[in-house]
Amino acid sequence: MQISVIGCGYLGAVHAACMADLGHTVVGVDVDVTKVDALNAGIAPFFEPGMPEMLADALASGRLTFTTDIAAVKDCKVHFLTVGTPQRKNEKAADLTFVNGAIEALLPHLLPEAIVVGKSTVPVGTAARLSDQIQESCPDAILIWNPEFLREGFAVSDTLSPNRLVYGIRPGHDEATLVLDEIYASALHAGVPRIITDFATAELVKVAANAFLATKISFINAMAEVCEVSGADVVQLADAMGHDPRIGRKFLNAGLGFGGGCLPKDIRAFMARAGELGADQALTFLREVDSINMRRRSRTVDLAREVCGGSLLGKKIAVLGLAFKPNSDDVRDSPALSVAAQLQLQGASVVATDPKAVTNSAKRFPDLVLTESLEEAVRGADAIMVLTEWQEYVSMDPYELASLVATRTIVDGRNCLDPEKWRSAGWTYRALGRPQL
Ligand SMILES: NC(=O)c1ccc[n+]([C@@H]2O[C@H](COP(=O)([O-])OP(=O)(O)OC[C@H]3O[C@@H](n4cnc5c(N)ncnc54)[C@H](O)[C@@H]3O)[C@@H](O)[C@H]2O)c1
């Protein structure tokens, strides 16, 4: 099938490559010429495991091209809308400028019976408005809202094998779902559940799922706050709670909290939209979820100050990890990067590193001292802060590192290290929500 993917960022570029891998002919459109040139040259503009290989194969097959020219979509039967929906400046609500712009640009090029498939995360009510707009200009074209649940770091496998497919449609548009079924045939044959809903439900599934995940993380981080004042151990607490199948252990990892290009802005936009609809009370708890999450960042800075003897001034701190999560180079609203910047602002001499996110971090905080080398970051450090749980940090050898640092002190911002291993090698080990021994 001839498909277009409009917006080739973390979601769209992976989606375009995966659709070509499934045998469709795909044109990816983006307004960013640098991104388009890189993609056409086979260079993924971001780090995502499996993406370089997927991109190279898809380009070599001749089924995938990228362009800045929206007119190139004119022969496509299906158009996936994957543009960004960031937080509006100085507001909680989502900025729909890119969604609106992409639809405006697309309308003149729609085939009479085209199907537009919305994948961006949008405030509830957006799909109904866009559907009206599309039908006004192209009466037989149809909009389906098909929210995306992929996780960065697993984007390729999540796109090819999602854990569910949700199609939001207008009543009477059931036939169009067959076209999406054809596109997702391999996932559907593998038994992936497909849920057909109205527009509002499909839009809400995405933000409700993110609100739930954010709440689960902030719940255990709130427990960490109580552990910190009572001497309890939040990791043991989470392990013991997680054995209850009604609770489960996943997303109960206490630490520096959530960040990235989705969870923080999605829960804020959800609150803003609920407020517009008169249901603000329903989501006031998300304000607390957000506050708990942000408090973890300041608590981590406080912990750094504590291990440095009460003042950060002039202390050399090695920050390991800058991406908002491992296996990603994404530093959008990254807790690790925000803590690194805070430490520096408060007088510490920070040297930060990350296996993949150094370049993106330098763009956001040009004054931060960054290095690609773990060894260079930790040399002469008064304290090491592990802020993103990359495997190479989890498996560090405390004996090897001991000869490089000035003081054997490590702060585990992700509860990803084995305290026993570090303490028995002579290190002072501190972590969020765990007792100081
Ligand atoms: N990143 C994720 O893990 C993820 C997961 C699920 C859902 N989402 C949602 O998907 C959407 C995209 O997220 P992302 O992380 O890929 O964002 P992104 O910022 O990485 O990519 C968005 C892309 O859209 C492009 N764009 C903007 N206006 C355009 C236009 N008029 N025409 C063509 N391209 C245009 C931008 O240049 C950019 O490359 C958001 O709504 C996000 O919430 C993201």
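Where a number appears in this text, it was derived from the coordinates with a stated rule and is not lab data. Every value quoted in this text rests on a predicted model; they were computed, and no experiment measured them. FYI the Cβ positions are ideal-geometry reconstructions off the backbone, even for glycines, and counts take in every protein chain you see.
P(r) tail for segment 185-234: Cα pairs beyond 16 Å make up 64% of the total.
According to the Cα gyration tensor, what semi-axes, each the square root of 5 times an eigenvalue, does the equivalent ellipsoid of segment 231-437 have, listed from largest to smallest in whole Å? It would help to have the intermediate numbers written out before the result.
Working: eigenvalues 176, 90, 46 Å².
Equivalent ellipsoid of segment 231-437: 30, 21, 15 Å, largest first.
Centroid-to-centroid, using Cα positions, segment 1-71 and segment 348-427 are 35 Å apart.
If a/c stays under 1.5 just call it rounded; otherwise compare a/b with b/c (prolate if a/b is bigger, oblate if not). Do that for segment 80-186, with a ≥ b ≥ c from the square roots of the Cα gyration tensor eigenvalues.
Working: a/c = 1.85, a/b = 1.03, b/c = 1.80.
Note, shape of segment 80-186 comes out oblate.
Note on segment 194-343: Cα Rg divided by 2.2 N^0.38 Å, N the number of residues, gives 1.18.
Is the C-alpha gyration tensor of segment 64-141 telling us rounded, prolate or oblate? Criteria: a/c under 1.5 is rounded; beyond that, a/b larger than b/c is prolate, otherwise oblate. Write out the running numbers ahead of the final one.
Working: a/c = 2.37, a/b = 1.47, b/c = 1.61.
The shape class here is oblate.
The ellipsoid equivalent to the alpha-carbon distribution of segment 1-109 has semi-axes of 23, 17, 11 angstrom, derived from the gyration tensor eigenvalues as √(5λ) and listed largest first.
Determine one quarter of the surface area of the Cα convex hull of the chain, which equals its mean projected area, and express it in nm² to one decimal. Write out the running numbers ahead of the final one.
Values: hull surface 87.0 nm².
One quarter of the hull surface, i.e. the mean projection, equals 21.8 nm².
Helix-only arithmetic for the chain: the sum of -39500 (n - 2.57) across DSSP H runs with n ≥ 4, divided by the residue total, places the mean residue ellipticity at 222 nm at -13000 deg cm²/dmol. Remark: the residue 181-residue 75 segment gains 36.2 nm on full extension, using 0.36 nm per residue and subtracting the alpha carbon distance.
Between 369, 229, 179, the residue with the greatest mean-square fluctuation in the GNM of the chain (Cα pairs under 10 Å linked by springs) is 229.
Panel order for 305, 273, by other beta carbons found within 10 Å of each beta carbon, from fewest to most: 305, 273. Report the residue, chosen from 68, 25, 284, that carries the largest GNM mean-square fluctuation when the chain is represented by alpha-carbon nodes joined by springs under 10 Å. Most flexible of the set in this elastic network: 284.
In what order do 363, 265, 325 fall by count of nearby beta-carbon atoms within 10 Å, going from fewest to most?
So the residues, fewest neighbours to most, are 363, 325, 265.
How would segment 2-197 be classified by its alpha-carbon gyration tensor: rounded, prolate or oblate, with rounded meaning a/c under 1.5 and the a/b versus b/c comparison settling the rest?
Working: a/c = 1.32, a/b = 1.18, b/c = 1.11.
The shape class here is rounded.
Taking the Cα centre of the chain as reference, the dipole from Cβ charges on Lys and Arg (+1) and Asp and Glu (-1) amounts to some 1200 debye. Along the charge dipole of the chain, Cβ charges K/R +1 and D/E -1, which of 2, 286, 260 sits furthest on the positive end? Looking along the dipole axis, the top candidate is 286.
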